[in-house]
Amino acid sequence: MDRLWLAAAVVAGIPLLLVGYITLAEGAVSRLPGRGSGWIRPWLWLAPGLFFITVFLIYPTVGTLRLSFLGPDSTRPVGLANYVFVFTDKSMLVALRNNGLWLVLFTLLTVGLGLLVAVLTDRVRYEAAAKSLVFLPMAVSFTAASVIWKFMFDYRPPGTPQTGTLNAVLSLIPGFQPRAWLINPPLNNVFLIVAAVWVWTGFCMVILSAALKGIPSEVQEAARVDGATEWQLFWRITFPLLGSTVAVAITIMVVFALKTFDVVYVMTNGNYDTQNTAFAQYEQLFVNHDFGHAAAIGVVLLIAILPVLAFNLRRFQQQESTR
Amino acid sequence: MAAIELRRAAAVPVAPRLERRLGRLPLHLVIVVICALWLLPSVGLLVSSFRPPQLVATTGWWTAFHPPFEFTLQNYRQVLSTYNMGTSFVNSLLIAVPATVIPLLIAAYAAYAFAWMRFPGRQGLFLVVVGLLVVPLQTTFIPVLHLFVQLGLAGTFLGIWLAHTGYGLPLAIYLLRNFIGELPKDMFESALIDGAGHWTMFFRLVLPTSVAALASLAIFQFLWVWNDLLVALIYLGGQPSVAPVTVTISNLTNSLGQGWQLLTAAAFISMALPLAVFFGLQRYFASGLLAGSVKG
């Protein structure tokens, strides 16, 4: 019953509150004498947004930077000790290695498969249906995707019927011994990556497919007339023309690969050497209660993402100049 | 274009046409295999969630298609009542709806100011918003958590609404500013001549003409929050009374281990709403996701 009241209050109350704010602000500003109103008005419209951005993004980023130079309970300065931990601790080194693995494999597979599906489906009549099938997992949470794939990789001892799809299919091969895919490092990381690839390939496919449709067909027709094979056509003409879209897809995949958490948390709970930096931070925060270590991991992630940030800013400024 | 193709098709004699069809067989084969690979895991999940426990534990889900055809709703009943999925589903809604409405409206105010008002620092400030798009949430957790603990917001719905608002804003402001900035200038000028103030222009002109953009963004933000696990884990903790579906499922994977009939049912419950959105609002879904993907 309480929850019902909460729901009602929220659905009616929040919009009312927000519309009320801007109504009051506008009313107050328009009553101000002449000049003052023009100066203060934009800031009143921006104020709620700037407030949230400052409290939840700017202030905590600065705060995390500060905490990364303090000890576990954030009281005494420890210099660079937390960063030394990030780059020397044995478990952290595995986490960093796994991030590297994700970065390369996940990006390569999502962009590669996305491109393959986009190019292939471009040539058939049931393109729309095939594409929405591959895109479908994007709707699903990584938590659910992890359950789905954990079930796919399920292992039963040899001699009993395999209920995991992968082991069952491979058991059709004579002499195959079922494997516990998620247990044995470092290969188990690849199976975690497969789950994430299943989700994100559809995304790469959609943006690459859109770019593909943007290439004028005359260009390809001309090459065909000149006797180019389909293979040459793809590598010499289509692929270079897709270059900027591929670059965008890569940056988005890289950002995701660096910060991914859910798949590791749900599929293996960070066991069997599958932890990555995001998972390690969670552990430092809630298991070890070491805020210094956790903050340093956060800063390292931010630094790793800075090149993408710079890339985005540059692309934005280019777009603005052509507006 | 179509006429040319028709003529060409008519000109090709039957035998080479068959040959061409056969030549395209590998293409179709590759596509069908990829589609099957993509569909198979979800089908396995769905089928298993309707099978009795003893069968799920001892036989593969594909054997469900042989007689005896044994299916049951028992798994759903059990996870919804005994394993907290019913409460969690409501929690997810209670979290996701406000966490979509609040940032959207606030972002629309800010986007309107960025697009149609002149003030010093406008460009610089917007550049900051673009930069914040990819800042990893991991860089923000600790100070915000400290703040929440001091204010008593940790473990509350209010806290997670505010957090999702903060995290969702840069993207929402960025997209809406681009969209609202593209609206025709004449529209605003004629409204000004008619004596309309900013309030009227925003609520009578900007919002109604931006419905498509707002819908795409709303769907993106809603699914983002609905599917989120990490932010909920950090700010809500593990209490079952406030846990959304994602947190409950991740707890179940630890506690149930091999209880696949329950895990699959729970996972499917969490997927039902996003899938309905996917099939019902596919156009907005795709455009929202594409636009939203720049988010960090």
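The values are calculated or read from the model by the stated rules, or taken from the named source; none is laboratory data. Keep in mind that what you see is a predicted model, and the values were worked out from it rather than measured. FYI the Cβ positions are ideal-geometry reconstructions off the backbone, even for glycines, and counts take in every protein chain you see. Ligands, DNA and RNA are excluded from the accessible area calculation, which covers all protein heavy atoms including side chains. Shrake-Rupley method; radii C 1.70, N 1.55, O 1.52, S 1.80 Å.
A few notes on this one:
- Length available on full extension from A:Thr75 to A:Leu241: 0.36 nm per residue minus the Cα-Cα distance, which gives 54.3 nm.
- Centre-to-centre, using Cα atoms only, region A:245-282 and region A:38-104 are separated by 17 Å.
- A:Val190 versus A:Asn271: modelled label distance in nm, points set 7 Å from Cα along the beta carbon direction: 2.3
- Cα gyration tensor shape of chain B, rounded if a/c is under 1.5, else prolate or oblate by comparing a/b with b/c: oblate
- Choice from B:Trp61, B:Trp199, B:Trp116 showing the highest fluctuation, given a GNM over chain B with Cα pairs closer than 10 Å: B:Trp199
- If R0 is taken as 22 Å, the Cβ-Cβ distance between B:Val32 and A:Asp122 corresponds to a FRET efficiency of 0.90.
- Dipole in debye (nearest 20) - region A:80-136, about Cα centre, beta carbon charges: Lys, Arg +1; Asp, Glu -1: 100
- For region B:127-142, a drop of 20 Å² or more in accessible area on going from the chain alone to the assembled protein chains (1.4 Å probe) is found at B:Leu127, B:Val130, B:Gly131, B:Leu132, B:Val134, B:Val135, B:Pro136, B:Gln138, B:Thr139, B:Thr140, B:Ile142.
- Comparing B:His28, B:His66, B:His146 in a Gaussian network model of chain B (Cα springs below 10 Å), the most mobile by mean-square fluctuation is B:His28.
- Taken per residue, the accessible surface of region B:142-241 reaches 38 Å², heavy atoms only and a 1.4 Å probe.
- Percent of Cα pairs exceeding the 12 Å cut-off, where the set is region B:16-65: 70
- Inter-part distance, region B:45-72 to region B:178-202, computed on C-alpha centroids, equals 60 Å.
- Taking 7 Å steps out from each Cα toward its Cβ at A:Thr23 and B:Met117 produces label points 1.9 nm apart.
- What a 1.4 Å probe finds exposed on region B:83-294 is 68% carbon and sulfur by accessible area, rounded to a whole percent.
- Sequence-distant residues sharing a close amide H with A:Leu70 (under 5 Å, placed H): A:Val78
- Semi-axis lengths, Å, chain A, gyration tensor of Cα atoms, sqrt of 5 times eigenvalues: 41, 34, 23
- Proximal charge balance of B:Asn91 [Cβ under 14 Å; K/R count +1, D/E count -1]: -1
- Of the cross-linked pairs A:Lys90/A:Lys150; A:Lys131/A:Lys259; A:Lys131/A:Lys213, those separated by over 23 Å at the C-alpha level are A:Lys90/A:Lys150; A:Lys131/A:Lys259.
- Solvent-accessible area buried by A and B, counting both chains, probe 1.4 angstrom, square angstrom: 9500
- Helix-only [θ]222 nm of chain A, DSSP H runs n ≥ 4, -39500 (n - 2.57) each, per residue, nearest 500: -23000 deg cm²/dmol
- Region A:127-145 and region A:175-236: distance between their alpha carbon centers, rounded to Å: 15
- Relative intensity, log₁₀ I(q)/I(0), of the protein assembly as shown from a Debye sum that treats every alpha carbon as a point, q = 0.07, 0.08 Å⁻¹: -0.50, -0.65
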